[in-house]
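The values are calculated or read from the model by the stated rules, or taken from the named source; none is laboratory data. Remember, predicted model here, so these are calculated numbers, not experimental data. Here Cβ is always computed from backbone atoms with ideal geometry, including for glycine, and neighbour counts include all displayed protein chains.
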Amino acid sequence: MAHAETAAASAETGQRVEYELQLYYWMKLIRAFEERVSRLHRQNKILGGVYSGAGQEAVVTGVCAPLRPGDFVAPLHRDLGVFLVRGVDPGRLMAQLMGKEAGLSRGKDSFLHGGDLEHGVFGSTSMLGSSLPVAAGAALKFQIKKEPQVAVAFFGEGASSRGDVHEAMNFAGVRKLPVVFVCENNRYAYSTPLEKQMAIENVADRAPAYGFKGHVVSGNDLLAVVQLAEKVVRRVRAGGGPELIECKTYRYRGHSEHDAALYRDKEELLEWQSRDPIPRYEFYLEKKGHDVKRIREEIDERTRTVVQQAVEFAEQSPLPAAGEALEDLYAPAPMSPAGDGRA
Amino acid sequence: MEATYLAAINHALHEEMRRDENVFVMGEDVAELGGAFKATDGLLAAFGPDRVIDTPISEALIVGAGVGAAILGMRPVVEMQFGDFISCAFDQIVNTAATLRYRHGGRAACPLVIRAPSGAGVHGALFHSQNPEAWFTRVPGLKVVAPATAYDAKGLLKSAIRDGNPVVYFEHKRLYRSVKEDLPDGEFTVPIGVAQLRQAGRDLSLITYGGALHQSLDAASIVAREDGLSIEVLDLRTLLPLDREAILATARKTGKVLIVHEDRLTGGVGGEVAAIIAEHAFDSLDGPIRRVAALDTHTAFSPPLEEFILPNANKIVAAIRGLAAY
Ligand SMILES: Cc1ncc(C[n+]2csc(CCOP(=O)(O)OP(=O)(O)O)c2C)c(N)n1
Ligand SMILES: [Mg+2]
């Protein structure tokens, strides 16, 4: 008996170790994938708007880590990482960015607007904040059907100025919906700094006004994000009502690849880069007794391969045929009772 | 002095702000950055932070606050960063602003300009390519303009700022740097509600506006060269109110009308233009009224889809030939 318990405990520890290394892998994969995306954009292989999340990898990794299949996630415009952590095929994701037939939206829309509901990833529109009411609606479904799932909606501190955000939070509070609101506060909305966007210190301070808890965490500290997210997701899943997590972070690149971000101080960028989430997490792994140098080499090799294969897959994929422009506008009527858009 | 379409907008703002201290500019990233497209560049330095205001991301607020300031005598020029996001301010425009004078029994005015960079052909995909003019051209109380040249961009913006009504000003992103001309040094305006003949012709009329004007002119010169056709090109410039006289005059003159716009076909401005002609110039027509417009779908991202959806000079040429042969 005692022996079995120890075995279970050590299996659990083993799993935890694996999980912690998996988190590291995800952050590294997101960083490598996005670096490649920026390069492909410079080479004109990805057209249209590209919004890098470099610097913010710990937020999406840490928040998505405790999620399960069937949970619903609405990423914001820089959250390419959400797609990767949720298990969307990197090749299809790259094909999406290149407007290929194999992409999530089959060439219909650009960048992250093509969702993948099979992996619980909603394709948000460009209209900032508009996905929060949708996430509330997903949570409403889970509540009505008594399903043990949660909805997660990411939004920028900039988007928090929109009325949709207020409407979603208010309703979620009223109905105690199983939804986690995650604010990625990177201090800028395009060129506009925080102090021109809000007169208070934290977006999370608004949560109590909607009747739920708001938390502030360093979005560059993966461990802190994941520990908080695990607790919050557990409570929300158990029916405790919505909560808000605000992650303080910083984007390294311009608002989009077209933006040189001259409105920012170089010092400020350096200061934040010195708090990069990846070396910070490596420090933790090191203290836990891992051979970080070896792990880093291994993982760099793995991520290089994954990204390279994704690029090759996407580049070899055909573009959609012109006539497809008129497809995918309507679901068949009548639709199947599953509501999956099939006849 | 030569000016691009974009510079013309910028100069109009500078000049109007200098002329009238009640004119002020408000929107996302308009001050420090000078706007996502640089249309408001230099205004902050020239006029200071009380007249060039960066707002939070709040389109309903931007328009609604514009209304509040306008009814008390200010002349706000507010910006939607992309015309696509004007949907987020829809209620404030079509309900608050457009009905304001009517519901105050004619004893109030709302001199507000809403600038909206719109249009496709820049790989903008579903939410950075829209031509939302037709959502507004059926709203009494609003005026809607869509300049196609640098001269009109400047002149119409000045008229819009001086107008006592809410004016939605659609500026086409593709024209910002691709269109330029010599502008007079002195003061000039372009009247709202007046179309402009861009080219006189005998055989067929193209009625168009905005980004599609340039494709229409290209198409007209192709068929002039290759088919010897003489095409009249009418640039509507203002979409609400439409210049009915100019529309009917060109229809009566050539008897064949092709309407061209980048916005979608169904429910587009072209339908209204066609109805005006069918109602009032039917006797003069020598053929059906036809339209070239974006297909009835969303402006897709992938280049083959986008090309298939949007009008271009070749598609206009084909439509001209078909109608000319009718
Ligand atoms: C309703 C709406 N208004 C304006 C924009 C243009 N825009 C795109 S991203 C952005 C800044 C967003 O800032 P934030 O929400 O803080 O997210 P971040 O880009 O910093 O990650 C703006 C103004 C938009 N997409 N939607
Ligand atoms: Mg931000």
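Residue by residue through the range A:88-112, note down the ones that are within 17 Å of residue A:74 (Cβ to Cβ) and facing chain B (nearest Cβ under 9 Å).
Within the range A:88-112, A:105, A:109, A:111 qualify.
Out of (1) surrounded by fewer than 24 Cβ atoms within 10 Å (Cβ to Cβ); (2) within 14 Å of another protein chain (Cβ to nearest Cβ), what's the single condition that is false for residue B:165?
Single failed check for residue B:165: (2).
Which of the following residues is on the phi < 0 side of the Ramachandran plot and without any contact (Cβ under 8 Å) to a residue 60 or more places away in the chain: A:9, A:54?
Only one candidate passes the filter, namely A:9.
Check the range B:143-155 and report whether any residue there is assigned to a helix (DSSP H, G or I), touching a Leu at 6+ places or on another chain (Cβ under 7 Å) and of a type in the set (Lys, Arg).
Checking the range B:143-155: at least one residue is assigned to a helix (DSSP H, G or I), touching a Leu at 6+ places or on another chain (Cβ under 7 Å) and of a type in the set (Lys, Arg).
Would you check if there is a residue in the range A:65-76 being surrounded by 23 or more Cβ atoms within 10 Å (Cβ to Cβ), within 14 Å of another protein chain (Cβ to nearest Cβ) and not aromatic (Phe, Trp, Tyr)?
Yes.
Quick one: is residue B:220 surrounded by 23 or more Cβ atoms within 10 Å (Cβ to Cβ), in the same structural domain as residue B:125 (by TED's automatic domain parsing) and not in a strand (DSSP E or B)?
no
Which members of the range B:206-217 meet the condition of being crowded, with 23+ Cβ neighbours inside 10 Å and more than 13 Å from the chain's Cα centre (by Cα)?
Result: B:206, B:207, B:215, B:216.
Could you count how many residues in the range B:129-143 are closer than 25 Å to residue B:105 by Cβ and small (Gly, Ala, Ser)?
Of the residues in the range B:129-143, 1 are closer than 25 Å to residue B:105 by Cβ and small (Gly, Ala, Ser).
Can you find a residue in the range A:47-64 that is closer than 29 Å to residue B:59 by Cβ and away from ligand 1 (no atom under 16 Å from the Cβ)?
yes
For residues that are among the β-branched types (Val, Ile, Thr) and surrounded by fewer than 19 Cβ atoms within 10 Å (Cβ to Cβ), tally how many sit in the range B:68-91.
Residues meeting the conditions: 1.
Any residue at all in the range A:120-132 that's buried (at least 24 other Cβ atoms within 10 Å of the Cβ), away from ligand 1 (no atom under 12 Å from the Cβ) and within 25 Å of residue A:219 (Cβ to Cβ)?
Looking for residues that are buried (at least 24 other Cβ atoms within 10 Å of the Cβ), away from ligand 1 (no atom under 12 Å from the Cβ) and within 25 Å of residue A:219 (Cβ to Cβ), one finds at least one in the range A:120-132, hence yes.
So the check is Cβ under 8 Å with 6+ separation or different chains; which pairs have a first residue in the range B:196-219 that's without any contact (Cβ under 8 Å) to a residue 40 or more places away in the chain and a second one that's of a type in the set (Val, Ile, Thr)?
B:198/B:233; B:199/B:231; B:199/B:233; B:217/B:233
Of all residues in the range B:28-72, how many are of a type outside the set (Gly, Ala, Ser), in a loop (DSSP other than H, G, I, E, B), touching a residue at least 24 places away in the same chain (Cβ under 8 Å) and more than 11 Å from chain A (Cβ to nearest Cβ)?
Number satisfying all stated conditions: 5.
Just checking: which of the helices (runs of 4 or more DSSP H) contained wholly in the range A:141-248 hold 3 or more residues that are within 14 Å of chain B (Cβ to nearest Cβ) and surrounded by fewer than 21 Cβ atoms within 10 Å (Cβ to Cβ)?
In the range A:141-248, the matching helices (runs of 4 or more DSSP H) lie at A:163-175.
Tell me the residue from B:226, B:232 that is among the charged types (D, E, K, R), outside the structural domain of residue B:89 (by TED's automatic domain parsing) and in a strand (DSSP E or B), please.
Within the list B:226, B:232, the selection yields B:232.
Mind checking which residues of the range B:16-38 are surrounded by fewer than 17 Cβ atoms within 10 Å (Cβ to Cβ) and closer than 23 Å to residue B:178 by Cβ?
B:38, the sole residue that qualifies.
Test of understanding: among A:135, A:168, which residue is under 18 Å from the mean Cα position of the chain (by Cα), hydrophobic (A, V, I, L, M, F, W, C) and within 16 Å of ligand 1 (Cβ to nearest atom)?
Within the list A:135, A:168, the selection yields A:135.
Go through the range A:171-211 and count every residue that is of a type in the set (A, V, I, L, M), more than 22 Å from residue A:66 (Cβ to Cβ) and away from ligand 1 (no atom under 12 Å from the Cβ).
Qualifying residue count, the range A:171-211: 4.
Out of the residues in the range A:113-128 meeting the condition of being within 14 Å of chain B (Cβ to nearest Cβ) and among the aliphatic types (A, V, I, L, M), tell me which one is farthest from the chain's Cα centre (by Cα).
Residue satisfying both the conditions and the ranking: A:127.
Taking residue A:209 and the conditions (1) within 16 Å of ligand 2 (Cβ to nearest atom); (2) more than 20 Å from the chain's Cα centre (by Cα); (3) among the hydrophobic types (A, V, I, L, M, F, W, C), which numbered condition does it fall short on, given that it satisfies the others?
Residue A:209 satisfies all of (1) within 16 Å of ligand 2 (Cβ to nearest atom); (2) more than 20 Å from the chain's Cα centre (by Cα); (3) among the hydrophobic types (A, V, I, L, M, F, W, C) except (1).
Cβ-Cβ below 6 Å, separation at least six or inter-chain, first residue in the range B:74-102 and more than 14 Å from chain A (Cβ to nearest Cβ), second within 10 Å of ligand 1 (Cβ to nearest atom) and aliphatic (A, V, I, L, M): which pairs?
Pairs that qualify, where the first residue is more than 14 Å from chain A (Cβ to nearest Cβ) and the partner is within 10 Å of ligand 1 (Cβ to nearest atom) and aliphatic (A, V, I, L, M), are B:78/B:62.
Give me a count of the residues in the range A:39-64 that are surrounded by fewer than 23 Cβ atoms within 10 Å (Cβ to Cβ) and within 17 Å of residue A:24 (Cβ to Cβ).
Summing the residues that are surrounded by fewer than 23 Cβ atoms within 10 Å (Cβ to Cβ) and within 17 Å of residue A:24 (Cβ to Cβ) in the range A:39-64 gives 1.
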